[in-house]
Amino acid sequence: MSSLFLRTLRDDPADAEVPSHKLLVRAGYVRRVAPGVYTWLPLGLRVLRRVEQIVREEMDAIGGQEILLPALLPKEPYEATGRWTDYGPNMFRLTDRKGVQMGLGPTHEEFFAQLVKSEYSSYKDLPVTLYQIQTKYRDEERPRAGILRGREFVMKDSYSFDLDDAGAKASYAAHREAYQRIFARLGVRYVIVAATSGAMGGSASEEFLAESEVGEDTFVRCPDSGYAANVEAVVTPAPPARPIDGLPEAVVHDTENTPTIATLVDWANRTLDRTVTAADTLKNVMVKVTHPGEAPQIVGIGVPGDREVDMKRLEASFEPSTVDLLDEADFAANPFLVKGYIGPRGLQANGVRFLVDPRVVDGTAWITGADERGKHVIDLVAGRDFTPDGTVEAAEVRDGDASPDGMGTLVSARGIEIGHIFALGQKYTDAFEVDVLGENGAPVRLIQGSYGVGVSRMVAVVAEQTHDEKGLSWPDAIAPFDVHVVIANIKDATLVEGAGRVAAALERSGRTVLLDDRKASPGVKFKDAELLGMPAIVVVGRGYATGLVEVRHRATGDVAEVAVDDLVATLDARR
Ligand code: ATP
Ligand code: MG
C-alpha cells in the first residue's frame, strides 16, 4: 500500500447520494471525470475485472463465443432499423472530418445481425451465440449514483441466432440460467421480473432486478402466485363491460370552485344523494408525446381519480416516444383546455387523442370535467357518451392491487436493473435479411435474442448490497484482494518481517494479499481496512511476538487471535 496508487477520503463526495457511490469514491476505487464518466483506479479495476471474468466464464459455459465490436459505429445500420431516430437524445452522435455522421454504440443488435449475415450462409452453422464485454455509451438524461448509471459503462451483451422458435427458446433459457449462475456467484439478491421491451422491440423480455431501496425500478410481486413484473410491464386487468341500458342520463352540474379531485368529491358528497369516492371520478391528465424527430402531440390520459399517473409507466407505454406534462404555455396555446375541468368530450371535439385506463370499460359511469370553468358532468358513460381512442397503461400500480394473473394481490419493492434478456424475434434479421440456406434448400430467416448484463453497474450493486456504516465489504468472489494484512507498527522490524512472511504464506495458499506497510497510525490503518472492504483483515501486531495474529472477518465483524501457523487453515474454514 505504500506504493499503491490510492488515496482514501475522509469525507463523502458532495455530489454523492447513494452509499455505494460515496464509498467507492471515498475508498479510492473510482474517480469522476465528467457527469456519468468515471476513471477506474487500481482497486476498482480489479473488482471490475473479476466481475467481467465471472460473466465471461458463464457465457463460455453456454457456448458463447467472445468477440469485440467497435464502439464507434456508422449510422446506416441504425437507420435501417429505425433506431437512429428512435434512440433520440440518448445516442451519442458525432461527425467525422468528412462530415459523415457516426454514433457511439448504446447496444449492438444491428451489428451482430449484419456480422452473422456476412459470415454464415448455411443452416449447418447454426445456432450461434456471440458476446462481447465492451464499453457502451448512452447520453442518459440523469446520470446518477456514480457508476450505477453512467454515460460510459461496461456491458456484456450477447446475441443468439437460431433457425426456429424451439432453438430460440432454448437459447433464451440458456441465457436465463447463465444469468442466474452469474448473480448467484456474485452473491446478489435479485428477482426476475416480466419487463417491457421498449425500443429494443421483440416479443418477450425479462429483467433481473437487484433488490435495493436506491433502485430506480419499481417491481411488484404476488406472493401467492409467484407473479413478478416491473411496474412498467404490469397489464391492468380490465373488468368486464357492463350493460348501458337503464343508466341515468349524463347531467352537467355547476360545481363551483372544484378544480381538484378532492374538492370535486367533496362537492359531490354534499350535493348528490349517493356516496362518491375519488374512484368514481375520471381524472384527465394532459401530456405531450414526442416521437423522436417529430413535433409533440397532445394526448389526454383518463384515469380513475383515486390514482396518480405514473410517468414511468406512461413513458413505457409510449416508447420510444418521450412524455411530458403540459406546461402553462401549452395550456395558454390551447384555450379549450380548461384546467381542472377537462372532459373527454371537449378533448375529442378538438381532435385530441384521448386514452383511458383499462378500468374505464363500456358501461362505467364517471364524474368528470365538462370543459367549462366550474362545471362537471355526472354519469358520463363510457361507450355511450364518449368513446375513448384506446386504453393506456398509465395509472400507478399500488400495493394491494389485484395481480394480473387473478391469483392474489400485489406488493411492491424497488430494484436496480442488472440484466435484461430479450426474445427479439425477427425485427433485426428482417431489417438486414439475415437468411441462411435451410436443410431443404429454401432460405431460413434467423431468429435473434439479445441479452445484457451491466458489468460496471454490478460493482456498485454489490457494494450497495454488502456495505455497512464503516465501508465496503466485498464477497470473496470479486474482492480486489482476498486478505488485507496490516502491519500495526512499521517501525518494528520484527513485525515488518513477520507480516512479509504471513503475506507470503497467504499467497502460497492461492490468495491475493494487500499489505498495509504505510507509515501511518494503527487507527488510520484499521479504518482504511474497513473502508476498503477486503473479506479478511489480518493484523500483525503485538501478539506476533508470541506467534499470534488477529483475524477480522469484514462481513460479520468477528475477531479472533490465531496462531500464525493456523492462519491459512482458519481462513480456509471460512470459505
Ligand atoms: P435502465 O432501465 O437502467 O436504463 P436499460 O433497460 O436501458 O437500463 P438495457 O438496454 O437493458 O438497459 O441494458 C442492459 C444492461 O446494461 C442493464 O440491465 C443494466 O444492467 C446495464 N445498463 C444500462 N444502462 C446503464 C447505465 N447507464 N450505466 C450502467 N449500466 C447500465
Ligand atoms: Mg433494460
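None of the figures in this text is laboratory data; all of them are computed from the coordinates on show. None of the values given here were measured: they were computed from a predicted structure. Ideal geometry is used to build each Cβ from the backbone, glycine not excepted, and the neighbour counts take in all protein chains shown.
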Rotationally averaged projected area of the range 488-562 (alpha carbon convex hull; nm²)
4.8 nm²
If amide hydrogens are placed 1.01 Å from N in the peptide plane, which non-local residues have theirs closer than 5 Å to the one on ALA395?
ASP310
How big is the charge dipole of the range 297-423 about its Cα centre, in debye rounded to the nearest 20, if each Lys and Arg gets +1 on its Cβ and each Asp and Glu gets -1 on its Cβ?
280 debye
What's the local net charge at ARG93, with K and R +1, D and E -1, over the other residues with C-beta under 10 Å away?
0
Can you list the residues, at least 5 places off or on another chain, whose amide H is less than 5 Å from the amide H of VAL434, using H built in the peptide plane?
LEU446
Taking amide H atoms as placed 1.01 Å from N in the peptide plane, list the residues 5 or more away in sequence, or in a different chain, whose amide H sits under 5 Å from that of MET102.
LEU94, THR95, ASP96
Can you check what the net charge comes to around VAL214, using other residues whose Cβ is under 13 Å from the Cβ of VAL214 (Lys, Arg +1; Asp, Glu -1)?
-2
Which of VAL377, LEU9, GLN297 sits closest to the plus end of the dipole of the chain, meaning its Cα is farthest towards the positive end, when Lys and Arg get +1 and Asp and Glu get -1 on the C-beta?
LEU9
If packing is taken as the average number of other Cβ atoms within 10 Å across a peptide's residues, how do 450-457, 528-535, 4-11 rank, most packed first?
450-457, 528-535, 4-11
Peptides 151-162, 91-102, 187-198 ordered by average Cβ neighbours within 10 Å, highest first
151-162, 187-198, 91-102
Sorted from fewest to most neighbouring beta carbons within 10 Å, what does the list ILE487, ILE367 look like?
ILE367, ILE487
Which lysines have a Cα less than 30 Å from the Cα of LYS169, not counting those fewer than 8 places away in the same chain?
LYS117, LYS124, LYS136, LYS156, LYS312, LYS427
Three semi-axes of the equivalent ellipsoid, the chain, Cα gyration tensor, whole Å, largest first
53, 32, 22
Derived scalar couplings ³J(HN,Hα) [the range 434-442; Karplus, 6.51 cos²θ - 1.76 cosθ + 1.60; whole Hz; x for Gly, Pro]:
7, 10, 10, 6, x, 4, 8, x, 8
Kirkwood Rh in Å, taken over all unlike Cα pairs in the range 25-167
17.1 Å
